[in-house]
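Shown next, in structure tokens, is the structure this report addresses.
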Amino acid sequence: PDDAVFLGMRGDEAWFAASLSTDAADAPRVDLRTAAAQWSPFEATVFAQARAVLHWQSRHRFCSACGGPLRYLRGGWQGHC
């Protein structure tokens, strides 16, 4: 999706994160810390990174200087008004 965040490459495989759609909001959820205890260190790290960036984007939707809406560039890592 257009709003996906690029998390990096692992070999030839690209990793992305995207917010849940409203259809997926009813899906069972598990606490990230609980799930991460069962994952490999790589998976735990990439999911924590995804959670942090998506949380940051959801809390920073408008420019702090002019108040205009932000759109995210550079793989979702740079907010631009």
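The values are calculated or read from the model by the stated rules, or taken from the named source; none is laboratory data. The structure presented is a predicted model; accordingly, all values stated were derived computationally and were not measured. All Cβ positions, glycine included, derive from the backbone under ideal geometry; neighbour counts span all protein chains shown. All accessible areas refer to the heavy atoms of the entire protein, side chains included, with ligands and DNA or RNA removed. Shrake-Rupley method; radii C 1.70, N 1.55, O 1.52, S 1.80 Å.
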Report task. Could you provide, to the nearest whole Å², the per residue accessible area of the chain with probe 1.4 Å? Result -> 78 Å²
Query - Loop-resident sites, the stretch 46-81, for chymotrypsin sites (Phe, Trp or Tyr not before Pro), counting at most 12 other Cβ within 10 Å (DSSP) - result: none
Query raised in the report: Label-point separation (nm) for W15 and A37, each offset 7 Å from Cα along Cα-to-Cβ?
Result: 2.1 nm
Query raised in the report: How would you classify the chain from its alpha-carbon gyration tensor, with a ≥ b ≥ c the square roots of the eigenvalues: rounded for a/c under 1.5, else prolate if a/b is greater than b/c, otherwise oblate?
Result: prolate
Report summary line: The answer for the net charge of residues other than L70 whose Cβ lies under 15 angstrom from its Cβ, with Lys and Arg +1 and Asp and Glu -1, is +2
Query raised in the report: What's the carbon and sulfur percent of the chain's accessible surface, probe 1.4 angstrom, rounded to a whole number?
Result: 54 percent
